[in-house]
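Participant: My questions will all concern the structure given below.
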Amino acid sequence: MGFTFIPLDLQEVLLVEPDTYQDDRGFFRETFKASAFRSGGVGDAFVQANVSRSSAGVLRGLHFQRPPAGVAKLVSVARGSIFDVAADVREDSPTFGRWVSVELSALDGRSLFVPEGFAHGFVALEDDTVVTYLMTGEFSPEHDTGVRWDDPDLGIDWPVAAPTLSQKDRALPMLRQIHAGNVIDRAAEEATL
């Protein structure tokens, strides 16, 4: 059994494709193996596991923890499917304010490795979607924060116009409120290209 680790446009974010063995009974796949992940460039030790269940159209995110309690996540889908997003929120990064997205489903078994310093969010594409997260640190309420899902500086092309949000996620700040003056001005950037 093995895994393929595919760097996305933001190189630190990895799409993880597991080998899957199918027969007339169904399928079998490994979802995590420490030695394989170390070989694939993910040497982080996971110390907390979480699970969420969402109806279609529920959007969770974009969440991250501030240093020194930053965490990386391995996001997988146990049932249903999601549109999954990782956005670089590291002020000193050359890719600050950029994002990548993938669709993950229980059928394909793919996972997304979201490194520390990236905000993460997803929207459920089906009812009763179950998402699992392995995290490299424990949840720290005093370091917990996020960025609004519809932040125009990020410009994420979500597949839903009016998602269902928690009160907490509705109240998240914009990226420029978190990193005043350091947001990429997309219009100015595109004008210079």
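Participant: Under a 1.4 Å probe, what is the accessible area of the range 33-116 per residue, stated in Å²?
Facilitator: Roughly 43 Å² per residue, with all protein chains present.
Participant: Expressed as a whole percentage, what fraction of the accessible surface of the chain belongs to carbon and sulfur atoms when a 1.4 Å probe is rolled over the protein heavy atoms?
Facilitator: Numbers: 4900 of 9840 Å².
Accessible surface attributable to carbon and sulfur in the chain totals 50 percent.
Participant: What dipole magnitude, in Debye to the nearest 20, does the chain give about its Cα centre under +1 on Lys/Arg Cβ and -1 on Asp/Glu Cβ?
Facilitator: Here the size comes out at about 420 debye.
Participant: Okay, next question. Under 20 Å from the 7 Å Cα→Cβ point of S166, by amide nitrogen: which residues of the range 44-63?
Facilitator: It comes to 47-63, nothing else.
Participant: Another question, then. Please compute the modelled spin-label separation between T31 and D128, points set 7 Å along Cα→Cβ, answer in nm with one decimal.
Facilitator: Calculated label separation equals 1.7 nm.
Participant: Largest first, what is the accessible-area ranking of Y21, Y133 with a 1.4 Å probe?
Facilitator: Y21, Y133
The values are calculated or read from the model by the stated rules, or taken from the named source; none is laboratory data. No experiment lies behind these values; they were computed from the predicted model shown. Ideal geometry is used to build each Cβ from the backbone, glycine not excepted, and the neighbour counts take in all protein chains shown. Just the protein is used for accessible areas: all its heavy atoms, side chains included, with ligands, DNA and RNA removed. Shrake-Rupley method; radii C 1.70, N 1.55, O 1.52, S 1.80 Å.
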